[in-house]
Structure formats: structure tokens, C-alpha cells
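This report concerns only the one structure given below.
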Amino acid sequence: MSDSSRKYILNSLRQAAAVHGTVQAPAEPIQPKRFSPAEKVKRLKRLMETVRTEVHITSADAWGDDLKDILRQKNVRSLLFAPLTDLGKKLEDAWQPEQEQLPELLPYQRDIEEFREELFQIDAGITDTRGAIAETGALIIWPTPEEPRLISLVPPIHIALLSAGNIHDTFSDVISIENWADQMPTNALLISGPSKTADIEMTLAFGVHGPKELIVIVIEDQ
């Protein structure tokens with residue numbers, strides 16, 4: 001474009017703006033999404049199942065039995081867990097592997113260098129969760145020294161326990177309500193489904209960079 005053409009176009013635009021003025025529509029505030037407790041559970045389940053996550057809804061009294069049924073159905077032979085957490089203590093108290101045909105409980109309490117070979121032979125890992133986000137259908141995983149990221153990352157099956165009362169409406173709510181600005185860890189994670197990737201031929205593969213299966217047990221409030 002020549003200089004004269006450019007000047008002509010710019011002058012035409014300036015003249016039009018001077019004659020008609022510039023009209024700006026008032027910005028409408030973004031209304032936060034709000035869901036009832038039942039809607040949060042239903043929406044989270046629907047969104048996570050669309051990306052191949054297995055979601056089970058249970059109660060505080062029944063979740064242990066439901067977990068055992070899932071493990072038997074999946075033929076899990078070994079289950080990695082964090083023994084120093086509340087979840088780990090509950091598992092140890094309720095576990096009767098020989099009587100109930102349950103997998104061996106393997107506590108994660110050794111240095112990774114001593115545990116490496118055995119770690120990659122384990123069938124499943126179980127962790128607690130910090131909460132979830134109903135709007136996007138994502139779990140919040142909050143690794144700690146007692147329950148490190150490897151428990152949910154290395155085994156081919158990741159089982160996550162979620163309290164329905166910790167399902168938030170939006171990500172913004174999570175940040176605000178839990179005050180992430182002052183206590184956010186270095187490795188907070190949002191997980192929607194099992195690990196998946198696609199090569200250059202667009203062939204979708206699961207389990208390449210993490211668990212092949214994600215099983216979420218949602219414990220509804222009494």
C-alpha cells in the first residue's frame with residue numbers, strides 16, 4: 001500500500017469518528033456461576049465422565065465397602081497409599097486382605113531410590129483430594145510430604161476420594177475461599193481425567209504420562 005493510500009484511509013477513519021463519535025457499550029459484570037449441592041455433584045460427574053473418568057457416588061458409611069468392591073472388580077493386587085494421612089489410617093484399620101480378597105496395602109514411607117523398582121509394579125494408588133470445581137469438572141490434588149504426587153502419578157490406576165462438601169462452583173471461588181494467595185503449594189494440580197496424549201497422526205493414547213484410569217469416589221454429606 002502506498003503512503004498516499006494509507007493517509008487517505010486514516011484520514012477517512014478520523015473524519016468518520018469525528019462526525020459520528022465513538023460509542024462504547026457499558027461493560028456488563030460477569031455473573032458468577034452458582035450451583036446447588038446436588039447440582040455440583042451431578043455436573044462434576046457428567047463432565048468427568050465425558051473424559052473417561054469413572055465416578056462413584058457414595059456415603060460416609062458406605063465408601064469403604066464401595067472402594068473394596070471397585071478394587072475386586074478391577075483385579076487390583078497392590079494398592080499404594082499414604083500411611084500418615086487420615087485416609088491411610090482408616091484404610092489400615094479396615095483392611096482384611098485375606099478374608100475379603102483385597103489387594104496388598106503398600107505404604108509409601110521409603111525414600112524413592114529404595115522404592116523405585118517396586119513402585120512401577122504397583123497396580124493402583126489412592127489419595128485424598130483438596131476439593132473439586134463444578135464449573136469445569138476438575139479435581140484439586142494438593143500433594144504434601146505425607147502424600148506425595150507420585151502416589152497419584154505412577155500407578156496405572158489412580159483412585160481419588162472427594163468430599164461432596166468440598167466441590168466449589170468455580171476456580172475463582174477456590175482461590176478466594178481457600179485463600180490460595182497465602183498458602184498455595186508449589187504443585188497444586190487440577191485433574192479432569194486419566195492421562196492422555198495424541199501423536200502426529202492424532203491417535204489418542206491413555207496412560208502415557210500418568211494413570212491410565214482415574215476413579216473418583218464422591219462421598220456425599222450426611
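Odds and ends about this structure:
- Computed with every protein chain present, the accessible area of Leu150 is close to 50 Å² [probe 1.4 Å].
- For the chain, the Stokes-Einstein estimate of translational diffusion at 25 °C and a viscosity of 0.890 mPa s comes to 121 µm²/s, using the Kirkwood hydrodynamic radius over alpha-carbon pairs.
- Extension gain from Asp66 to Leu190, taking 0.36 nm per residue of separation minus the Cα-Cα distance: 42.2 nm
- About the Cα centre, charge dipole magnitude for the chain (Lys/Arg +1, Asp/Glu -1 at Cβ), debye: 1400
- Hydrodynamic radius of the stretch 78-130 by the Kirkwood approach over all distinct alpha-carbon pairs: 11.8 Å.
- Taking only the C-alpha atoms of the stretch 131-219, the Rg (one decimal) and the largest Cα-Cα distance, Dmax (whole number), read 14.3, 44 Å.
- Rounded FRET efficiency, nearest 0.05, which uses the C-beta distance separating Asp182 from Glu118 and R0 of 35 Å: 0.40
- Formal net charge of residues neighbouring Glu118 (Cβ-Cβ distance under 14 Å; K, R +1; D, E -1): -3
- The calculated 222 nm mean residue ellipticity attributable to helices in the chain amounts to -10000 deg cm²/dmol, summing -39500 (n - 2.57) over DSSP H runs of n ≥ 4 and dividing by all residues.
- Nearest 10 degrees, 0 to 90: helix 37-49 Cα axis against the chain principal axis: 90
- The stretch 24-89 - convex hull of the alpha-carbon atoms, volume per residue in Å³: 191
- Neighbours of Arg34 by Cβ distance under 15 Å: Lys/Arg scored +1, Asp/Glu scored -1, total 0.
- The candidates Glu100, Glu92, arranged from most to least accessible area with a 1.4 Å probe in the full protein assembly, appear as Glu92, Glu100.
- Shape category assigned to the stretch 52-172 from the gyration tensor of Cα positions, a/c cut at 1.5: oblate
- Accessible-area value, Asp3, 1.4 Å probe, nucleic acids and ligands omitted, Å²: 100
- Accessible surface comparison of Tyr108, Tyr8, probe 1.4 Å, protein chains only, largest first: the order is Tyr8, Tyr108.
- Stokes-Einstein diffusion for the stretch 124-173, with the hydrodynamic radius set to the Kirkwood value over Cα pairs and evaluated at 20 °C in a medium of 1.002 mPa s, equals 187 µm²/s.
- Considering only the chain, percent of DSSP beta bridges that pair antiparallel, nearest 5: 25
- Euclidean distance between Cα centres, the stretch 37-72 to the stretch 150-171, Å: 11
- Ordered by solvent-accessible area of protein heavy atoms (1.4 Å probe), largest first, the residues Thr50, Thr144, Thr85 come out as Thr50, Thr144, Thr85.
The values are calculated or read from the model by the stated rules, or taken from the named source; none is laboratory data. It should be emphasised that the depicted structure is a prediction, and the values quoted were computed from it without experimental measurement. Cβ atoms come from the backbone with ideal geometry, glycine included; neighbour counts cover every protein chain shown. Note: areas computed on protein heavy atoms with side chains; ligands, DNA, RNA excluded. Shrake-Rupley method; radii C 1.70, N 1.55, O 1.52, S 1.80 Å.
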